[in-house]
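The values are calculated or read from the model by the stated rules, or taken from the named source; none is laboratory data. As the structure is a prediction and not an experimental result, all values here were calculated from the model. Every residue, glycine as well, gets a Cβ built from its backbone with ideal geometry; the counts of neighbours run over all protein chains shown.
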Amino acid sequence: MVKTTYHEISDELFNKFKKIKLIISDVDGVLSDGKIYLTESGDEIKSFNVKDGCGIVSILKQGIEFAVITGRFSNLLQKRMSGLNVKYVYQGVKDKVDSYNHLISKLQLTPEETLYIGDDVIDLPILALVGVSVAVHDSHPLLLSEVDLITQNPGGSGAVREITDIVLQAHGNLSVKEVSI
């Protein structure tokens, strides 16, 4: 067993984390808490966790890519990902597997080099394809038995940071550094 900041995981799973070159995340319920606030004028408001942002910036600095694939479209998401220098943002996606296949082909990666973080049944097809599958703590119950790891934190509350830290530790790059977002 390997002790990480958040979990004790098997040597086998930790070795899978060592191979990861791309982390892909769903958005609503993973990078956000899944709540969508609408103003009287119809504007949408979401919240994103700064801890997740720090984790994303940290892995990008280590040469590990980060991408999002989501069924919805949000200008807020585009702005947040741009601010974090995330290059691969797939929005309004009907079939996440098609976007996943396009992305790994573009980056010339194998499925074993990819990790996906999801929260609902729409994520099951892509979770079955990746090298490491992750569900956030407050995921739909049907996901929980189908993934390699369940985060301690719920979506929108540092769950992505948990995973970026484990990937960084597996790559030997987890350290305390100032990261500007």
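See the values below:
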item	result
Subset of segment 126-142 [within 20 Å of Ile163 (Cα to Cα), surrounded by fewer than 24 Cβ atoms within 10 Å (Cβ to Cβ) and either at pLDDT below 95 or not polar (S, T, N, Q) (or both)]	Ile126, Leu127, Ala128, Leu129, Gly131, His137, Asp138, His140, Pro141
Residues being in a strand (DSSP E or B) and without any contact (Cβ under 8 Å) to a residue 60 or more places away in the chain - total across segment 116-155	4
Any hit, segment 77-85, residues being without any contact (Cβ under 8 Å) to a residue 60 or more places away in the chain, surrounded by fewer than 17 Cβ atoms within 10 Å (Cβ to Cβ), part of a helix (DSSP H, G or I) and aliphatic (A, V, I, L, M)	no
Per-region count, segment 58-76, residues within 26 Å of Thr110 (Cα to Cα) and either of a type outside the set (S, T, N, Q) or in a loop (DSSP other than H, G, I, E, B) (or both)	13
Unique match (being crowded, with 20+ Cβ neighbours inside 10 Å, more than 17 Å from Tyr90 (Cβ to Cβ) and hydroxyl-bearing (Ser, Thr, Tyr)) among Ser58, Ser41	Ser58
Flag if Asp98 is modelled with pLDDT of 95 or more, charged (D, E, K, R) and either within 17 Å of Val30 (Cβ to Cβ) or touching a helix residue (DSSP H, G or I) at 6+ places or on another chain (Cβ under 8 Å) (or both)	no
Qualifying residue in segment 45-54 (condition: touching a helix residue (DSSP H, G or I) at 6+ places or on another chain (Cβ under 6 Å), crowded, with 19+ Cβ neighbours inside 10 Å and in contact (Cβ under 8 Å) with a residue 60 or more places away in the chain)	yes
Of residues in segment 27-38 being in contact with a Lys or Arg (Cβ under 8 Å, 6 or more places away or on another chain) and of a type in the set (D, E, K, R), the one surrounded by the fewest Cβ atoms within 10 Å (Cβ to Cβ)	Lys35
Odd one out for Glu12 among (1) surrounded by fewer than 19 Cβ atoms within 10 Å (Cβ to Cβ); (2) assigned to a loop (DSSP other than H, G, I, E, B)	(2)
Top-ranked residue in segment 86-115 [being among the β-branched types (Val, Ile, Thr) and assigned to a loop (DSSP other than H, G, I, E, B); ranked as surrounded by the most Cβ atoms within 10 Å (Cβ to Cβ)]	Val86
Test: Phe66 is modelled with pLDDT of 95 or more, within 19 Å of Ser157 (Cα to Cα) and not aliphatic (A, V, I, L, M)	yes
